[in-house]
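To start, the structure under review is shown below, and the notes come after it.
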Amino acid sequence: MQASLGTIMVISSWLFLVAIGGMLAISLNENKFRLLNGILGNATLIALAVTVVLTVVYSQVLWLEYGILILAVIILIPIFIVYLLLGFLLLWNALIVWQKESHTLGNMLTLILGIMIIVSPLVFGGLRAILPSRVAEVIISSILIVVGYCVFWLLNFITSFLITRFLPPRLDKKYIIVLGAGLLDGNRVSPLLASRIMRAKDFCELQFKKNKTKPIVIFSGGQGKDETVPEGQAMKEYAVSHGMQDLELFTETKSKNTYQNMLFSKKIVIEQGLQLDTGVFSTSDYHTFRAAGFARYVGLNIDGIGAKTSRFFIPNAFIREYIAILMRHKNFHVVVLILLLLLNLGLAILDVYLK
(Lines give C-alpha, C1' and ligand atoms only; values in the text may rest on other atoms or scores of the structure.)
Protein backbone atom coordinates (compact mmCIF):
# COMPACT_ATOMS: atom_id res chain seq x y z
CA MET A 1 0.00 0.00 0.00
CA GLN A 2 2.84 2.35 0.91
CA ALA A 3 4.64 1.60 -2.35
CA SER A 4 1.45 2.23 -4.32
CA LEU A 5 0.88 5.53 -2.53
CA GLY A 6 4.48 6.58 -3.22
CA THR A 7 4.14 5.71 -6.90
CA ILE A 8 0.94 7.74 -7.14
CA MET A 9 2.61 10.73 -5.46
CA VAL A 10 5.62 10.59 -7.79
CA ILE A 11 3.48 10.27 -10.92
CA SER A 12 1.18 13.07 -9.73
CA SER A 13 4.13 15.35 -9.05
CA TRP A 14 5.53 14.76 -12.53
CA LEU A 15 2.13 15.43 -14.11
CA PHE A 16 1.80 18.65 -12.13
CA LEU A 17 5.31 19.68 -13.17
CA VAL A 18 4.50 19.09 -16.84
CA ALA A 19 1.24 21.02 -16.48
CA ILE A 20 2.75 24.06 -14.76
CA GLY A 21 5.72 24.00 -17.15
CA GLY A 22 3.32 23.89 -20.08
CA MET A 23 1.43 26.90 -18.72
CA LEU A 24 4.75 28.76 -18.43
CA ALA A 25 5.64 27.92 -22.03
CA ILE A 26 2.24 29.15 -23.27
CA SER A 27 2.53 32.35 -21.26
CA LEU A 28 6.04 33.04 -22.57
CA ASN A 29 4.89 32.47 -26.12
CA GLU A 30 2.17 35.07 -25.67
CA ASN A 31 4.28 37.67 -23.85
CA LYS A 32 7.78 37.29 -22.43
CA PHE A 33 7.49 40.49 -20.39
CA ARG A 34 4.89 40.00 -17.70
CA LEU A 35 4.85 39.09 -14.02
CA LEU A 36 2.70 36.01 -14.63
CA ASN A 37 5.81 34.39 -16.08
CA GLY A 38 7.57 34.95 -12.77
CA ILE A 39 4.74 33.34 -10.83
CA LEU A 40 4.65 30.35 -13.17
CA GLY A 41 8.45 30.20 -13.26
CA ASN A 42 8.76 30.08 -9.48
CA ALA A 43 5.93 27.56 -9.29
CA THR A 44 7.76 25.42 -11.86
CA LEU A 45 10.99 25.55 -9.85
CA ILE A 46 9.17 24.55 -6.66
CA ALA A 47 7.33 21.76 -8.47
CA LEU A 48 10.61 20.55 -9.96
CA ALA A 49 12.28 20.48 -6.53
CA VAL A 50 9.38 18.59 -4.94
CA THR A 51 9.19 16.17 -7.87
CA VAL A 52 12.91 15.39 -7.78
CA VAL A 53 12.87 14.87 -4.00
CA LEU A 54 9.84 12.58 -4.15
CA THR A 55 11.33 10.60 -7.02
CA VAL A 56 14.65 10.15 -5.24
CA VAL A 57 13.06 9.26 -1.89
CA TYR A 58 10.77 6.62 -3.36
CA SER A 59 13.50 5.24 -5.61
CA GLN A 60 15.30 4.16 -2.43
CA VAL A 61 18.69 4.67 -4.09
CA LEU A 62 20.94 5.65 -1.19
CA TRP A 63 23.58 7.61 -3.13
CA LEU A 64 20.87 9.68 -4.82
CA GLU A 65 19.37 10.56 -1.46
CA TYR A 66 22.76 11.69 -0.16
CA GLY A 67 23.30 13.64 -3.37
CA ILE A 68 20.01 15.50 -2.97
CA LEU A 69 20.82 16.25 0.67
CA ILE A 70 24.25 17.66 -0.23
CA LEU A 71 22.78 19.73 -3.07
CA ALA A 72 20.13 21.14 -0.72
CA VAL A 73 22.80 22.15 1.79
CA ILE A 74 24.89 23.80 -0.95
CA ILE A 75 21.87 25.82 -2.10
CA LEU A 76 20.36 26.69 1.29
CA ILE A 77 23.48 27.75 3.19
CA PRO A 78 24.26 30.78 0.95
CA ILE A 79 20.59 31.77 1.02
CA PHE A 80 20.57 31.59 4.81
CA ILE A 81 23.77 33.65 5.07
CA VAL A 82 22.40 36.32 2.73
CA TYR A 83 19.17 36.38 4.75
CA LEU A 84 21.09 36.98 7.99
CA LEU A 85 23.34 39.66 6.50
CA LEU A 86 20.84 41.26 4.11
CA GLY A 87 20.48 44.52 6.04
CA PHE A 88 24.24 45.05 6.28
CA LEU A 89 24.77 44.07 2.62
CA LEU A 90 22.23 46.69 1.59
CA LEU A 91 23.95 49.33 3.72
CA TRP A 92 27.30 48.41 2.18
CA ASN A 93 25.79 48.80 -1.29
CA ALA A 94 24.21 52.11 -0.24
CA LEU A 95 27.65 53.41 0.80
CA ILE A 96 29.10 52.56 -2.61
CA VAL A 97 26.18 54.20 -4.43
CA TRP A 98 26.53 57.27 -2.19
CA GLN A 99 30.17 57.61 -3.20
CA LYS A 100 29.66 57.08 -6.94
CA GLU A 101 26.18 58.46 -7.73
CA SER A 102 24.09 61.54 -7.00
CA HIS A 103 22.31 61.68 -3.62
CA THR A 104 18.75 61.45 -4.91
CA LEU A 105 15.92 59.55 -3.24
CA GLY A 106 15.98 56.98 -6.03
CA ASN A 107 19.65 56.29 -5.31
CA MET A 108 19.08 55.81 -1.58
CA LEU A 109 16.60 52.93 -1.77
CA THR A 110 19.09 50.32 -0.52
CA LEU A 111 20.02 52.68 2.34
CA ILE A 112 16.39 53.02 3.40
CA LEU A 113 15.67 49.32 3.03
CA GLY A 114 18.84 48.30 4.87
CA ILE A 115 18.03 50.54 7.83
CA MET A 116 14.46 49.19 7.97
CA ILE A 117 15.69 45.58 8.05
CA ILE A 118 18.28 46.23 10.76
CA VAL A 119 15.97 48.20 13.09
CA SER A 120 12.92 45.95 12.57
CA PRO A 121 13.76 43.61 15.51
CA LEU A 122 14.08 46.65 17.78
CA VAL A 123 10.76 48.03 16.54
CA PHE A 124 9.01 44.70 17.08
CA GLY A 125 10.52 44.40 20.56
CA GLY A 126 9.37 47.93 21.40
CA LEU A 127 5.83 47.18 20.25
CA ARG A 128 5.70 44.09 22.44
CA ALA A 129 7.03 46.10 25.39
CA ILE A 130 4.62 49.04 25.26
CA LEU A 131 1.43 47.47 23.89
CA PRO A 132 -0.84 44.67 25.11
CA SER A 133 0.43 41.40 23.71
CA ARG A 134 -2.56 40.72 21.45
CA VAL A 135 -2.49 44.23 19.98
CA ALA A 136 1.26 44.05 19.42
CA GLU A 137 1.01 40.67 17.69
CA VAL A 138 -1.75 41.91 15.38
CA ILE A 139 0.35 44.94 14.39
CA ILE A 140 3.49 42.84 13.90
CA SER A 141 1.68 40.17 11.91
CA SER A 142 0.11 42.90 9.75
CA ILE A 143 3.55 44.36 9.03
CA LEU A 144 4.88 40.91 8.16
CA ILE A 145 1.94 40.33 5.80
CA VAL A 146 2.75 43.56 3.94
CA VAL A 147 6.45 42.64 3.80
CA GLY A 148 5.70 39.10 2.70
CA TYR A 149 3.38 40.37 -0.03
CA CYS A 150 6.07 42.74 -1.33
CA VAL A 151 8.71 40.00 -1.23
CA PHE A 152 6.38 37.65 -3.12
CA TRP A 153 6.04 40.09 -6.00
CA LEU A 154 9.73 41.02 -5.88
CA LEU A 155 10.71 37.37 -6.34
CA ASN A 156 8.26 37.07 -9.22
CA PHE A 157 9.69 40.21 -10.81
CA ILE A 158 13.27 38.93 -10.51
CA THR A 159 12.33 35.56 -11.99
CA SER A 160 10.37 37.22 -14.81
CA PHE A 161 13.37 39.38 -15.64
CA LEU A 162 15.82 36.46 -15.54
CA ILE A 163 13.60 34.44 -17.89
CA THR A 164 13.73 37.23 -20.48
CA ARG A 165 17.55 37.19 -20.31
CA PHE A 166 17.53 33.53 -21.35
CA LEU A 167 15.24 34.28 -24.32
CA PRO A 168 17.05 36.87 -26.48
CA PRO A 169 15.28 38.29 -29.55
CA ARG A 170 15.94 36.85 -32.99
CA LEU A 171 18.43 38.53 -35.30
CA ASP A 172 15.85 39.44 -37.95
CA LYS A 173 14.69 42.90 -36.92
CA LYS A 174 13.68 45.77 -39.18
CA TYR A 175 14.10 48.55 -36.62
CA ILE A 176 15.65 49.34 -33.24
CA ILE A 177 14.36 52.01 -30.86
CA VAL A 178 17.08 53.34 -28.54
CA LEU A 179 15.50 54.85 -25.43
CA GLY A 180 16.91 58.14 -24.20
CA ALA A 181 18.18 59.19 -20.78
CA GLY A 182 19.43 62.43 -19.29
CA LEU A 183 22.39 64.22 -20.89
CA LEU A 184 25.47 65.38 -19.00
CA ASP A 185 26.04 69.15 -18.93
CA GLY A 186 22.95 69.53 -21.06
CA ASN A 187 24.47 68.16 -24.28
CA ARG A 188 26.78 65.18 -23.64
CA VAL A 189 25.77 61.53 -23.78
CA SER A 190 26.18 59.91 -20.35
CA PRO A 191 27.90 56.53 -19.88
CA LEU A 192 24.49 54.95 -19.19
CA LEU A 193 23.03 56.36 -22.41
CA ALA A 194 26.15 55.46 -24.36
CA SER A 195 25.79 51.83 -23.25
CA ARG A 196 22.26 51.76 -24.72
CA ILE A 197 23.54 53.10 -28.04
CA MET A 198 26.42 50.66 -28.19
CA ARG A 199 24.10 47.78 -27.29
CA ALA A 200 22.02 48.65 -30.34
CA LYS A 201 25.22 48.85 -32.43
CA ASP A 202 26.30 45.39 -31.26
CA PHE A 203 22.88 43.97 -32.14
CA CYS A 204 23.04 45.49 -35.63
CA GLU A 205 26.50 44.01 -36.20
CA LEU A 206 25.43 40.55 -35.03
CA GLN A 207 22.36 40.63 -37.27
CA PHE A 208 24.39 41.76 -40.29
CA LYS A 209 26.93 39.02 -39.63
CA LYS A 210 24.15 36.43 -39.55
CA ASN A 211 21.91 37.41 -42.47
CA LYS A 212 23.41 40.54 -44.07
CA THR A 213 20.46 42.76 -43.13
CA LYS A 214 20.56 45.99 -41.13
CA PRO A 215 17.67 47.46 -39.12
CA ILE A 216 16.98 51.17 -39.08
CA VAL A 217 17.80 52.83 -35.76
CA ILE A 218 15.51 55.33 -34.03
CA PHE A 219 17.03 57.45 -31.28
CA SER A 220 14.19 58.52 -29.02
CA GLY A 221 14.42 61.32 -26.47
CA GLY A 222 13.19 64.90 -26.11
CA GLN A 223 14.84 67.94 -24.60
CA GLY A 224 14.68 68.36 -20.83
CA LYS A 225 14.63 71.67 -19.00
CA ASP A 226 18.34 71.40 -18.18
CA GLU A 227 19.36 70.23 -21.66
CA THR A 228 20.51 72.40 -24.56
CA VAL A 229 19.78 69.79 -27.25
CA PRO A 230 17.22 66.98 -27.55
CA GLU A 231 18.46 63.61 -26.35
CA GLY A 232 17.62 61.99 -29.70
CA GLN A 233 19.87 64.42 -31.54
CA ALA A 234 22.77 63.99 -29.10
CA MET A 235 22.38 60.20 -29.34
CA LYS A 236 22.52 60.25 -33.14
CA GLU A 237 25.65 62.41 -33.14
CA TYR A 238 27.28 60.06 -30.65
CA ALA A 239 26.32 57.04 -32.77
CA VAL A 240 27.75 58.55 -35.95
CA SER A 241 31.03 59.29 -34.18
CA HIS A 242 31.21 55.74 -32.82
CA GLY A 243 30.86 53.66 -35.97
CA MET A 244 27.14 53.69 -36.77
CA GLN A 245 27.33 56.07 -39.76
CA ASP A 246 26.60 53.25 -42.22
CA LEU A 247 23.19 52.61 -40.65
CA GLU A 248 19.95 54.38 -41.49
CA LEU A 249 19.46 56.64 -38.45
CA PHE A 250 16.34 58.52 -37.34
CA THR A 251 15.66 60.82 -34.41
CA GLU A 252 12.54 61.28 -32.29
CA THR A 253 12.96 64.45 -30.23
CA LYS A 254 9.62 65.15 -28.54
CA SER A 255 9.24 62.38 -25.94
CA LYS A 256 9.54 63.06 -22.21
CA ASN A 257 9.18 59.53 -20.81
CA THR A 258 9.27 55.87 -21.81
CA TYR A 259 5.61 55.81 -22.82
CA GLN A 260 6.17 58.70 -25.24
CA ASN A 261 9.44 57.11 -26.46
CA MET A 262 7.40 54.17 -27.69
CA LEU A 263 4.38 56.15 -28.90
CA PHE A 264 6.31 58.72 -30.95
CA SER A 265 8.80 56.16 -32.29
CA LYS A 266 5.85 54.09 -33.47
CA LYS A 267 4.92 56.93 -35.85
CA ILE A 268 8.37 56.74 -37.46
CA VAL A 269 8.04 52.97 -37.82
CA ILE A 270 4.70 53.42 -39.59
CA GLU A 271 6.08 56.19 -41.80
CA GLN A 272 8.86 53.85 -42.92
CA GLY A 273 6.30 51.22 -43.88
CA LEU A 274 7.56 48.65 -41.38
CA GLN A 275 5.44 46.11 -39.53
CA LEU A 276 5.05 47.05 -35.87
CA ASP A 277 6.12 43.67 -34.51
CA THR A 278 9.40 43.45 -36.45
CA GLY A 279 11.54 45.56 -34.13
CA VAL A 280 13.33 45.66 -30.83
CA PHE A 281 14.19 48.39 -28.33
CA SER A 282 17.48 49.05 -26.56
CA THR A 283 17.67 50.31 -23.00
CA SER A 284 19.44 49.53 -19.72
CA ASP A 285 19.01 45.88 -18.72
CA TYR A 286 17.07 46.65 -15.54
CA HIS A 287 14.63 48.81 -17.56
CA THR A 288 13.74 46.27 -20.26
CA PHE A 289 10.86 44.68 -18.36
CA ARG A 290 8.94 47.88 -17.64
CA ALA A 291 9.75 49.40 -21.04
CA ALA A 292 8.29 46.32 -22.75
CA GLY A 293 5.02 47.00 -20.96
CA PHE A 294 4.87 50.51 -22.43
CA ALA A 295 5.75 49.15 -25.88
CA ARG A 296 2.84 46.75 -25.80
CA TYR A 297 0.56 49.43 -24.41
CA VAL A 298 1.06 51.55 -27.55
CA GLY A 299 0.80 48.56 -29.89
CA LEU A 300 4.45 47.62 -30.36
CA ASN A 301 4.70 43.90 -29.64
CA ILE A 302 8.50 43.93 -29.48
CA ASP A 303 11.26 42.60 -27.25
CA GLY A 304 13.98 44.56 -25.50
CA ILE A 305 17.75 44.23 -25.40
CA GLY A 306 19.51 45.49 -22.30
CA ALA A 307 22.83 47.21 -21.83
CA LYS A 308 24.78 46.10 -18.77
CA THR A 309 24.44 48.14 -15.59
CA SER A 310 27.28 48.72 -13.13
CA ARG A 311 27.09 45.94 -10.55
CA PHE A 312 27.00 48.31 -7.60
CA PHE A 313 23.93 50.04 -9.03
CA ILE A 314 21.91 46.89 -9.79
CA PRO A 315 20.12 46.61 -6.38
CA ASN A 316 18.94 50.23 -6.46
CA ALA A 317 17.93 49.99 -10.10
CA PHE A 318 15.91 46.81 -9.61
CA ILE A 319 14.16 48.08 -6.49
CA ARG A 320 13.23 51.28 -8.31
CA GLU A 321 11.89 49.39 -11.33
CA TYR A 322 10.03 47.00 -9.05
CA ILE A 323 8.32 49.88 -7.22
CA ALA A 324 7.41 51.49 -10.54
CA ILE A 325 5.83 48.25 -11.78
CA LEU A 326 3.83 47.85 -8.57
CA MET A 327 2.60 51.44 -8.84
CA ARG A 328 1.24 50.77 -12.32
CA HIS A 329 -1.22 48.35 -10.67
CA LYS A 330 -1.47 50.08 -7.30
CA ASN A 331 -5.25 49.79 -7.03
CA PHE A 332 -5.08 46.00 -7.36
CA HIS A 333 -2.32 45.69 -4.78
CA VAL A 334 -4.02 48.04 -2.33
CA VAL A 335 -7.26 46.04 -2.51
CA VAL A 336 -5.47 42.70 -2.04
CA LEU A 337 -3.46 44.04 0.91
CA ILE A 338 -6.58 45.45 2.56
CA LEU A 339 -8.31 42.08 2.22
CA LEU A 340 -5.29 40.26 3.67
CA LEU A 341 -5.06 42.67 6.60
CA LEU A 342 -8.79 42.39 7.29
CA LEU A 343 -8.46 38.61 7.23
CA ASN A 344 -5.57 38.83 9.68
CA LEU A 345 -7.59 41.08 11.98
CA GLY A 346 -10.62 38.80 11.71
CA LEU A 347 -8.57 35.75 12.65
CA ALA A 348 -7.14 37.60 15.66
CA ILE A 349 -10.63 38.59 16.85
CA LEU A 350 -11.89 35.04 16.31
CA ASP A 351 -8.96 33.70 18.32
CA VAL A 352 -9.90 35.99 21.23
CA TYR A 353 -13.52 34.83 21.23
CA LEU A 354 -12.58 31.16 20.98
CA LYS A 355 -10.29 31.49 24.00
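For the range 1-50, the calculated P(r), taken from all Cα-Cα distances in 5 Å bins from zero up to the bin holding the longest distance, is 4, 23, 23, 17, 13, 8, 6, 4, 2, 0 percent.
Inverting the pair-averaged 1/r between distinct Cα atoms of the range 16-108 gives 16.9 Å as its Kirkwood hydrodynamic radius.
Sequence-ordered 3J(HN,Hα) estimates for the range 316-333 from the Karplus curve with 6.51, -1.76 and 1.60 and θ = phi - 60° stand at 4, 4, 5, 4, 5, 5, 4, 4, 4, 5, 4, 5, 5, 10, 4, 4, 4, 5 Hz, glycine and proline given as x. When the alpha carbon gyration tensor of the range 26-68 is reduced to an equivalent ellipsoid, the three semi-axes, largest first, read 32, 8, 7 Å.
At 37 °C and a viscosity of 0.692 mPa s, what translational diffusion coefficient does Stokes-Einstein give for the chain, taking Rh as the Kirkwood radius over Cα pairs? Give it in µm²/s as a whole number. After rounding, the answer is 138 µm²/s.
Taking every alpha carbon pair in the range 237-278, what does the distance histogram look like in 10 angstrom bins from 0, in percent? All Cα pairs, binned at 10 Å, distribute as 25, 42, 33 percent. As a size descriptor, the averaged projected area of the C-alpha convex hull of the range 316-355 was calculated at 3.6 nm².
Along the range 36-50 the Karplus relation, 6.51 cos²θ - 1.76 cosθ + 1.60 evaluated at θ = phi - 60°, assigns HN-Hα couplings of 4, 5, x, 4, 5, x, 5, 5, 5, 5, 5, 4, 5, 4, 4 Hz to successive residues, with x for each Gly and Pro.
Residues considered: THR164, THR258, THR309. Largest GNM mean-square fluctuation over the chain, using C-alpha springs under 10 Å, is found at THR309. What does the C-alpha gyration tensor say about the overall shape of the range 126-208? Classify as rounded when a/c is under 1.5, otherwise prolate if a/b is larger than b/c, or oblate. Taking the square roots of the gyration eigenvalues as a ≥ b ≥ c, the range 126-208 is oblate. What shape does the range 266-355 take by its C-alpha gyration tensor, where a ≥ b ≥ c are the square roots of the eigenvalues and a/c under 1.5 counts as rounded, a/b above b/c as prolate, and the rest as oblate? Since a/c reaches 1.5 but b/c is at least a/b, the shape of the range 266-355 is classed as oblate. Averaging over all projection directions, the Cα-based convex hull of the range 153-263 occupies 8.0 nm² in the image plane.
Both radii are taken from the alpha-carbon atoms of the range 65-137; with Rh as the Kirkwood radius, Rg/Rh is 1.19. Under 5 Å between amide hydrogens, built in the peptide plane, is the criterion, and for ASP303 it picks out PHE281 among residues at least 5 positions away or on other chains. The amide H of SER284, built 1.01 Å from its N in the peptide plane, has ALA307 as neighbours under 5 Å, considering only residues 5 or more places off or on other chains. Normalised per residue, the accessible area of the range 173-263 is 49 Å², obtained with a 1.4 Å probe and no contribution from ligands, DNA or RNA. Values of log10 I(q)/I(0) for the range 36-165 across q = 0.15 Å⁻¹ run -1.02, by the Debye formula with one identical scatterer at each alpha carbon and no solvent.
All other residues with a Cβ under 14 Å from the Cβ of LEU111 taken together, and with Lys, Arg as +1 and Asp, Glu as -1, what is their net charge? Residues near LEU111 contribute +1 overall. Around the amide H of SER255, modelled in the peptide plane, lie the amide H atoms of GLY221, GLY222, all under 5 Å away and 5 or more residues distant in sequence or on another chain.
Per-residue 3J(HN,Hα) values for the range 266-271, derived from phi via the Karplus relation 6.51 cos²θ - 1.76 cosθ + 1.60 with θ = phi - 60°, read 4, 4, 5, 4, 5, 4 Hz in sequence order (x marks Gly and Pro).
The values are calculated or read from the model by the stated rules, or taken from the named source; none is laboratory data. Just so we're clear, the structure is a prediction, and the values are computed from it rather than from any experiment. No Cβ is skipped: glycine too gets one built from the backbone with ideal geometry, and neighbour counts run over all protein chains shown. Only protein heavy atoms, including side chains, enter the accessible area calculation; ligands, DNA and RNA are left aside. Shrake-Rupley method; radii C 1.70, N 1.55, O 1.52, S 1.80 Å.
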